[in-house]
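Worksheet: the structure to be examined is printed underneath.
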């Protein structure tokens, strides 16, 4: 590698698609794979967008970062919640460290970069940005430039629509708008990326594309014969293949504008897999006697704290791609019922009972629950008391109550075809002379020290992850 590096982040891309199923139809990506270093990249625990990208770009675990998802509950409170925006990440990320070492840097669409920060270069924040009017770029004047660059007549873009931060609604049965919006968002972002490469030319640039994630969640069932709702010959059967081919084209166009000897990394934060259903975590907790409501709703209703009889409740949960269970601990929560000395026993009991959860046929699905201290060397922030992977992540967690059942065929917050899997992808091209071939066992936290080593920067002393190049 010379003195430049481009990271192309593809959210939610699994090795099974990029390395196997679609590789033969992706000439550009396939050449990068063949000529470089590649392999599955073990995601963070939990394997979700936040904290995975933060782990990748800092080198620290979710426990060290204190980030366990986008939203968090303040420990000791029933109602206080907050989002993990960039100001919640107190460990330096790649562009901050490189900027401090006088390298020019840039980011485009990297999750958890809002609010933006001043760097030796530029920043364009991601889909967590509240609006296009909320100061989503550094410098601030870059916003108008990006809007102008995005207003072109392309294959999928129109002049009357500027930069697209995210697809507004991808959990719906109305599929055509999702498809058109994902393509337009992708086309515009690649156009902006190439513009920034040509006009700014930073030594380090990282751009993340959310299109794969949005399409996987909206269209996975149409192309996976093992999905319970797959119908052969459906009109969307080739949506994922066609989009991967389009991504490959855009990556090829982007490589053409790179200076010679630029290193290239393609990486994803986690993978994807079919979704078999959802486990109504709070319905299960009610059934097992851990959660008591003041009144049971007669129809599916999101659980809110005001509905809970706290004097009788020992645990409640949150929905999501994985389940979060919180204990009602005496001395920590306002109306705690579990003695602090009994937390370990209750967690062990819950984990054992959760492992026996069954699907609608009576078959155990293989659920695993973790204590944060079992996953992370350091636990900071406001973690749940238990992280729950239902059915090896083939099932997600549904937080609503009034469902009348524990097993759900569908997600409770809108149609969703897939869940996240534990392995994303890593492809490194032109990083180090003679370095090529498949490597197994790579961890997402190794990306940050790898990049720092390419620039000759010594990682922070407390960073335990080591460079892949070592």
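Derivation of every value follows stated rules applied to the coordinates shown; laboratory data play no part. As the structure is a computational prediction, the values presented were derived from the model and not from experiment. Note that each Cβ is placed from the backbone with ideal geometry, even for glycine, and that neighbours are counted across all protein chains shown.
With Rg and the Kirkwood Rh both taken from Cα atoms, where does Rg over Rh land for the range 6-138?
1.01
Give me the compactness ratio for the range 296-339, meaning the Cα radius of gyration over 2.2 N^0.38 Å.
For the range 296-339, the normalised Cα radius of gyration is 1.26.
Please sort 8-19, 134-145 by packing, taking for each peptide the average over its residues of neighbouring beta carbons within 10 angstrom, highest first.
Answer by packing, highest mean first, reads 8-19, 134-145.
Over the range 353-411, what lengths in whole Å, largest first, do the semi-axes of the equivalent ellipsoid take, defined as the square roots of 5 times the eigenvalues of the alpha-carbon gyration tensor?
Listed largest to smallest, the semi-axes of the range 353-411 are 25, 14, 9 Å.
Just order 354-365, 159-170 by mean Cβ neighbour count inside 10 Å, highest at the front, would you?
Going from most to least packed, we get 159-170, 354-365.
Provide 152, 394 in ascending order of the number of other Cβ atoms located within 10 Å of each residue's Cβ, fewest first.
Ascending Cβ contact count within 10 Å gives the list 152, 394.
What is the Cα coordinate range of the range 70-133 on the first, second and third principal axes, sorted by size from largest, in whole angstrom?
That works out to 44, 26, 14 Å along the principal axes.
So if I restrict to the alpha-carbon atoms in the range 381-470, what is the Rg, and what is Dmax, the biggest pairwise distance, in Å?
19.9, 60
Summarise the long-distance tail of P(r) for the range 263-393 by giving the % of C-alpha pairs beyond 20 Å.
So the pairs more than 20 Å apart make up 50 percent of the total in the range 263-393.
If you stretched the chain out fully between residue 343 and residue 355, how much longer would it get, using 0.36 nm times the residue separation minus the C-alpha to C-alpha distance?
Length difference between fully extended and current span is 2.5 nm.
Once the convex hull of the alpha carbons of the chain is built, what does its volume come to per residue, in cubic angstrom?
148 Å³
For residue 413 and residue 102 in one chain, what is 0.36 nm times their gap in residues minus the Cα-Cα distance, to one decimal in nm?
Computed gain between residue 413 and residue 102 is 107.4 nm.
For residue 172 and residue 261, compute 0.36 nm times the residue count separating them, minus their Cα-Cα distance, and round to one decimal in nm.
27.7 nm
Can you sort 80, 187 from fewest to most other Cβ atoms within 10 Å of each residue's own Cβ?
80, 187
Evaluate E = 1/(1 + (r/R0)^6) for residue 132 and residue 373, where r is the Cβ-Cβ distance and R0 equals 45 Å; express this FRET efficiency to the nearest 0.05.
Calculated value: 0.65.
Using the beta-carbon distance between residue 3 and residue 34 and R0 = 22 Å, what value does 1/(1 + (r/R0)^6) give for FRET efficiency, to the nearest 0.05?
That gives a FRET efficiency of 0.35.
Using alpha-carbon positions, what is the distance between the centroids of the range 1-39 and the range 416-449, in Å?
First find each Cα centre; the distance between them is then 9 Å.
Helix-derived [θ] at 222 nm for the chain: sum -39500 (n - 2.57) over DSSP H runs of at least 4, divide by residue count, nearest 500?
-8000 deg cm²/dmol
Over all alpha-carbon pairs in the range 30-88, figure out the percentage whose distance exceeds 12 Å.
70 percent
How many nm is it between the label spots at residue 470 and residue 158, if each spot is 7 Å from the Cα in line with the beta carbon?
Between residue 470 and residue 158, the label points sit 5.3 nm apart.
Per the Kirkwood definition applied to all pairs of different Cα atoms, how many angstroms is the hydrodynamic radius of the range 311-470?
19.1 Å
The range 117-219: D in µm²/s via Stokes-Einstein (Kirkwood Rh, Cα pairs, 10 °C, 1.306 mPa s)?
Rounded to a whole number, D works out at 110 µm²/s.
To the nearest 0.05, what FRET efficiency results for residue 405 and residue 180 with a Förster distance of 41 Å applied to their C-beta separation?
Once the sixth-power term is evaluated, E becomes 0.70.
Using the Kirkwood formula over every pair of different C-alpha atoms, what hydrodynamic radius in Å results for the range 120-161?
This gives a value of 11.3 Å.
Need one number: nm distance between label points at residue 229 and residue 195, each 7 Å from Cα along Cα→Cβ, rounded to one decimal.
3.7 nm
For each of 254, 97, count neighbouring Cβ atoms within 10 Å of the residue's Cβ, then give the residues from fewest to most.
Ascending Cβ contact count within 10 Å gives the list 254, 97.
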